[in-house]
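Written below as structure tokens is the structure these notes are about.
The values are calculated or read from the model by the stated rules, or taken from the named source; none is laboratory data. Just so it is clear, the structure is predicted and the values come from calculations on it, not from any experiment. For neighbour counting, all protein chains shown are included, and Cβ atoms are generated from backbone atoms with ideal geometry for every residue, glycine included. Ligands, DNA and RNA are excluded from the accessible area calculation, which covers all protein heavy atoms including side chains. Shrake-Rupley method; radii C 1.70, N 1.55, O 1.52, S 1.80 Å.
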Amino acid sequence: QVQLVESGGGLVQPGGSLRLSCAASGSFSSINYMAWYRQAPGKQRELVARIDSSGITTLEDSVKGRFTISRDNAKKSVYLQMNSLKPEDTAVYYCNLGGRRFSFTGVRDYWGQGTQVTVSS
């Protein structure tokens with residue numbers, strides 16, 4: 001089975017920084033993309049950042065210039081460096097992986113359990 005384990009969330013003051021990590025267990029024939037989503041109370045889940053197999057990144061407009069997504073292919077891990085955090089960044093952040101597994105057809109989507117990020121004075 002696949003498991004995505006997230007870490008690095010917590011409470012931080014505005015202007016502070018956090019680094020989220022997500023490590024995937026399980027074997028994949030390929031990993032097409034890894035991403036971070038977030039969901040604030042009363043809001044829909046939204047894409048924050050994504051990195052595909054070629055290293056191309058996508059960032060949500062409000063985090064451009066502040067957040068950086070990166071990955072370590074060998075470790076099947078993805079990271080989100082969050083700088084200059086704002087209260088509106090407060091949300092549960094979810095790790096997401098799209099990949100192919102042996103003995104399964106097509107690309108499947110996998111999710112972590114979520115980690116809380118709270119930005120408050």
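Details
- With a cut-off of 18 Å on the backbone N, the residues of the stretch 78-121 near the modelled label site 7 Å out from Q39 along Cα-Cβ are 89-98, 109-118.
- Modelled spin-label separation between L47 and S70, with each label point placed 7 Å from Cα along the Cα-to-Cβ direction: 2.3 nm.
- Nearby lysines by direct alpha-carbon distance to K86 (threshold 26 angstrom, same-chain neighbours under 8 apart not counted): K43, K64
- Percent accessible area from carbon and sulfur atoms, the chain, protein chains only, probe 1.4 Å: 46
- Structure remark: mean-square fluctuation, Gaussian network model of the chain, C-alpha springs under 10 Å; the largest value among F28, F67, F104 belongs to F104.
- Candidates D61, D89, D52, ranked by Gaussian network fluctuation over the chain, Cα under 10 Å, top entry: D61
- The charge dipole of the chain, taken about the Cα centre with unit charges on the Cβ atoms of Lys, Arg (+1) and Asp, Glu (-1), comes to about 220 debye, rounded to the nearest 20.
- Taking all protein chains into account, the per residue accessible area for the chain stands at 53 Å² (1.4 Å probe).
- For the chain, alpha-carbon Rg relative to the globular expectation (2.2 N^0.38 Å, N residues): 1.04
- Debye, to nearest 20: dipole size of the stretch 13-84, +1 on Lys, Arg Cβ, -1 on Asp, Glu Cβ: 140
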